[in-house]
Amino acid sequence: RRLELALPWDDPLWGCWGCGEPIAGPSWAGPRPTERHSMLPRHVQRLGRDWVTHWNGSQILASNNPVSNCMRWAGYCPWTSFPLPAPVDFSANWRLPPFFGPWRQFQNFHWQLDNFMQNSCFHLPNPSMKSEREEPLTKKRRLSGQCDTSAPEEETNFSNQKEALCLSVAQNEEKHSSKKGTVKRQWEYFCQHSRAMKIFENKETDQSNAGSETKFDFTVMSYNILSQNLLEDNSHLYKHCRQRLLIWTYRFPNILQEIKQWDADVLCLQEVQEDHYRTEIKSSLESLGYHCEYKMRTGRKPDGCAICFKTSKFSLISSNPVEFFRRDIPLLDRDNVGLVLLLQPRFHCKTNAAICVANTHLLYNPRRGDIKLTQLAMLLAEIASVAPQKDGTFCPIIICGDFNSVPGSPLYRFIKEGKLNYGGLSIGKVSGQEQFPRGQRILSIPIWPKKLGISQNCVYEIKQQPKEENAGEKLEAAKLDSTRETVRESEKLSSKLQHHFKLSSVYSHYFPETGIPEVTTCHSRSAVTVDYIFYSAANDDAAAHPGAEDSFQGGLKLLGRLALLTEKDLWTVNGLPNENNSSDHLPLLAEFRLIER
């Protein structure tokens, strides 16, 4: 009979290590856990003391902090090369110890649960501590005397102990699995005649939505779905994630499930990888009743922006892609893009109402606020050329995207307030991404060159076409050109940017009860708000922020929004991405009502 080398810690013959008195064992069984194991190498002696494992039928090898549960490991343990089982699911932050032997042998080993119920075991840590100050559960049990132990005089059946161990672990995992990877987000609905908010479990609960047929309500989602290429190029941001959660074949079904769950009428997606869009994303969304428009980034960047809308709710009037790269302008050497759609609602109304929906993903670089502002100005200029109606007013506007700027930053204020004096402003402070900005160069005046063709009011400058004129007309034209040159010269010296849209933000960015910031993205480096949904508010929109009341006639009324979360909320499910949320951004979702003029 083959002699197996077994570790005595936590063996049923000795009781649970650290949990009361052991059962008396035979004299040949060797020293107790409290004695020195001189016959074993030192790193083997430390194995049972320093490691704990956690088993739930699909997850092993978690590390970095102690845990209450232990698992039974097969007795076959040649220390030069562990034939470890290949896990189906890895816990966060696991690291393979050097004595585990070749990875290929580890990966290809086939195992069953029964293998864990034999003569020896060792301990690996489980990420069950919520904070550094929290004590391990084993220590709490040891101190409180709540450990389930058997008195030395009691005869305990071996198989009963194994069955009890399995049941205890299963119950513990069942208790945690219901919470694992899930943080509930609630719908918040605004009262019709006040700024107060009501929280409902379901949309149907809001009585203000039940209206006549003339009302047109619709939902809009903005979602940065995290391009797989960008994920792999920036793997340092996702060290907290288990590797299997970062694979596209795991992530895409989760992303699609979120889209199905919230069932928005308009989707504004960022970081949509072109090959995935072509092979999977577009067809999947079309099967859900969406029409998709896509603009890939310029250069060799394989992702882009998409706007998808339910054909049952809207028809497409025009699609207008915006490229922020300009070969002849050194400032605009980045490959970001935007997309502007003009949509026609499918409902009977007095006028031919239209809605302008824009989507973009601005440059990330915190030190290049000059590029960010120029990209934003180009997007606003395109909106200004698409949104005008026959009577000279603008149709309702929604702007979604990842703006890589935080609330309260100069770029954010420019969007909401419609004006920005950037004189003396350093380029590193434009987006507010860095507490101590590294970009110290002052923004030039003007920021972008004249040949871009966009004024300081963020509209396209009208180009005059040459035509035959008589002498009098030429003289008049010369005076007009002189006036225009004077205006342009004064504009060059002005450090003020403006746009003509009165925009409000769907989200307030702070929880009113606590003042804690809302978070739209959360990974290993940061947890902040960079994603937004801006809209042109109607005059009677109670949810609009101050300054929106003087908006042009008509517009959008914010009915409700899907609540965001705090950083603390997200880290209870190990941040983003996690098992149920497969992007490092949260989807933003709002419900609007179109108000006719």
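Summary table below
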item: Coil-residue trypsin sites (Lys or Arg not before Pro) of the range 293-369, DSSP, other Cβ within 10 Å capped at 15; result: R300, R327, R346, K350
item: Listed pairs K313/K502; K282/K557; K451/K496; K239/K416; K301/K416; K390/K429 exceeding 28 Å between Cα atoms; result: K282/K557; K239/K416; K301/K416; K390/K429
item: Where I317, I383 fall by accessible area, highest first, once all protein chains stay in place (1.4 Å); result: I317, I383
item: In Å², nearest 10: area of R438 left accessible to a 1.4 Å probe; result: 150 Å²
item: Accessible area of V183 in the full protein assembly, 1.4 Å probe (Å², nearest 10); result: 40 Å²
item: Virtual spin-label span in nm between N580 and E513, 7 Å along Cα→Cβ; result: 2.0 nm
item: Probe 1.4 Å, accessible area per residue of the range 285-407, Å²; result: 37 Å²
item: Point-to-point label distance, I462-K184, nm (Cα→Cβ direction, 7 Å offset); result: 5.8 nm
item: Per-bin percent of Cα-Cα distances, the range 237-346 [10 Å]; result: 13, 38, 32, 15, 2
item: Separation of the S235 and K496 label points, Cα + 7 Å toward Cβ, nm; result: 5.2 nm
item: Area projected by the alpha carbon convex hull of the range 286-377, averaged over all directions, nm²; result: 7.6 nm²
item: Those chymotrypsin sites (Phe, Trp or Tyr not before Pro) in the range 395-457 that DSSP places in a loop and that have at most 10 other beta carbons within 10 Å; result: none
item: Counted charge near L411, where neighbours are those whose Cβ lies closer than 13 Å (Asp, Glu -1; Lys, Arg +1); result: +3
item: Sequence-distant residues sharing a close amide H with V322 (under 5 Å, placed H); result: G338, L339, V340
item: Computed lengthening from R413 to T311, 0.36 nm per intervening residue step minus Cα-Cα distance; result: 33.3 nm
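The values are calculated or read from the model by the stated rules, or taken from the named source; none is laboratory data. Given the structure is predicted, the values throughout are model-derived calculations rather than measurements. Neighbour counts are summed over all protein chains in view; Cβ atoms, including those assigned to glycine, are modelled from backbone coordinates with ideal geometry. Note: accessible area is taken over every heavy atom of the protein model, side chains too, but ligands, DNA and RNA are not part of it. Shrake-Rupley method; radii C 1.70, N 1.55, O 1.52, S 1.80 Å.
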